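Step one of this worksheet: look at the structure below.
Read-outs: derived from the displayed coordinates by stated rules, not from any lab. Since this is a predicted model, take the numbers as computed values, not measurements. Positions of Cβ are backbone-derived with ideal geometry, glycine not excepted, and every protein chain shown enters the neighbour counts.
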Amino acid sequence: MGKYFGTDGFRGEANVNLTVEHAYQVGRFLGWYYGKKSQITPQNPEGRCRVVIGKDTRRSSYMFEYSLVAGLTASGTDVYLLHVTTTPSVSYVVRTEGFDCGIMISASHNPYYDNGIKVINGMGEKLEENVIAEIERYLDGEIGEIPFAQKDQIGRTIDFAAGRNRYIGYLISIATRSFKNKKVALDCANGSASAIAKNVFDALGAETHVINNNPNGLNINTDCGSTHIHVLQKVVKDNNCDLGFAYDGDADRCIAVDENGKVVDGDKIMYICGKYMKECGSLVNNTVVTTVMSNFGLYKAFDREGISYEKTAVGDKYVYENMAVNGNCLGGEQSGHIIFSKHATTGDGILTSLKVMEVMLEKKEPLSKLAGEIEIFPQVLKNVRVKDKQLAQDDPKVQAQVEKVAESLGNDGRILLRQSGTEPLVRVMVEASSQELCEKYVDQVIQVMEEQGHVL
């Protein structure tokens, strides 16, 4: 990760550590960088640099949109505006419409006062690290002045709401069956899904019960969406729905709820879809790509079903990189970022919903039965604030205690130490057969950190 850009873009509190000046500079750099590479194509007969921008519903998203547009057009780029839309829709439009790159303005599941700039390359994938490094050099003043476009070379903006509509049509085309007679609850998190999810499910014939679908710029992710799943659980039970789906602010993740109101997280979704795809002969390499944070129970279930798996660092960016290199077609995170590479290059919450619906309808089984095949192990994760997270994690006595815990767990659990990417924290996580064991082993490791003087 860089100084400004993390695993999911440049994120921070609006006008505190992510300012309009930052957005303008990012726009200036991207317009100049991609302008040098832009070529004449059937979709771009003038050979001008073309960038597409989408945003979520935060109040500051409009401010950042205009700042990015100013920077891009000043560097000679034509900017196409999707307006309020999802992150995966930006990725889809970039790769199908021949854009040089795409930008999504969103801080995902963060509160409304945060925001972020996610940059997507011409293939619809998260931006390459070498380009991110160059953007950061420009932000730090290490690259000379970028020339301003002049006269007819100055860029312009084009309304491109049609691109979002094409994405909606694409999602509808993926469904294998009608959703008629299915009652589906949708929690749109007062975010990007508000502009898309209901349209898709209505078009497929579902009876929809939609909540948190009235964004006002300040209520995105507030007691709603995939990080506050209890709201959807109540709606599903109160309305006798067959299931429900909750999205985050930019709708690139999805958490489901079965007909009994029980949560079906990203790990369970990967199991349900992975097993179904194996049965259909469409699970390429017979492999699902996970992160190191996936539950131990998922791996036990995959082992039982004869499904192989890979483990990457946390972040759907790393999941997709593994999939792209090895040709795997399904991967994701416990948090609900699920990637179906046949259809998308990023996590896509609404697409994930359609895939879960497909398994239910094709197998004629309720979500509770499909998800009930996997036993999720109790998990305890504690964040330890430390003086130096690298020293704390690498301390020989800490590592010795971790090894001792791992030996005690054997094949019936696991322990994981992981540094936070943004805070002075070491995360200690244990999965075991009982909550009591998890607490016991986590506390043992934290006690050694305290004894060694690492804890603040």
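A few comments on the model shown:
- Relative contact order, percent, the stretch 356-453 [alpha-carbon distance under 8 Å, six or more residues apart]: 32 percent
- Neighbour-count order for ASP78, ASP252, fewest beta carbons within 10 angstrom listed first: ASP78, ASP252
- Listed by chain and number, the lysines whose C-alpha is less than 19 Å from the C-alpha of LYS151, apart from same-chain residues fewer than 8 away, are LYS36.
- Stretched out straight at 0.36 nm per residue, the stretch from ALA203 to ARG304 would grow longer than its current Cα-Cα span by 32.6 nm.
- Cα-based shape type of the stretch 149-239, given that a ≥ b ≥ c are square roots of the gyration tensor eigenvalues and the cut on a/c is 1.5: oblate
- Relative contact order of the stretch 237-344, defined on C-alpha pairs under 8 angstrom at six or more residues apart (%): 27 percent
- Each of ALA162, GLN419, SER60 was scored by the projection of its Cα onto the charge dipole of the chain, and the greatest displacement toward the positive side belongs to ALA162; charges sit on the C-beta of Lys, Arg, Asp and Glu.
- Largest-first ellipsoid semi-axes for the chain, taking √(5λ) over the Cα gyration tensor eigenvalues, angstrom: 36, 29, 20
- Here the gap between HIS83 and ILE40, fully extended at 0.36 nm per residue and compared with their Cα-Cα distance, gives a gain of 12.9 nm.
- Extension gain for LEU456 to TYR66 (0.36 nm times residue separation, less C-alpha to C-alpha distance): 136.2 nm.
- Backbone HN-Hα couplings from phi across the stretch 449-456 [Karplus 6.51/-1.76/1.60, Hz, Gly and Pro as x]: 4, 5, 4, 8, x, 8, 7, 7
- Charge tally around VAL235: other residues with Cβ under 11 Å, Lys/Arg +1 each, Asp/Glu -1 each, net +1.
- Looking at the chain alone, DSSP beta bridges between its own residues are antiparallel in about 55 percent of cases.
- Spin-label model, ASP394 to LYS363: label points 7 Å out along the Cα-to-beta-carbon direction sit 4.5 nm apart.
- Charge-dipole axis of the stretch 175-371 as Lys and Arg at +1 and Asp and Glu at -1 on Cβ define it, positive-most pick from ASN216, LEU367, ILE338: LEU367
- Charge dipole (the stretch 181-272, unit charges on Cβ, about Cα centre) - positive-most of GLY205, THR227, ILE272: GLY205
- Centre separation in Å (Cα based) which lies between the stretch 14-93 and the stretch 259-277: 36 Å
- The chain, helix-only ellipticity at 222 nm - DSSP H runs n ≥ 4, -39,500 (n - 2.57), divided by all residues, nearest 500: -12000 deg cm²/dmol
- Other-chain or far-sequence residues with amide H under 5 Å of GLN419's (modelled H): ARG427
- Taking every alpha-carbon pair under 8 Å whose residues sit at least 6 apart, the chain reaches a relative contact order of 12 percent.
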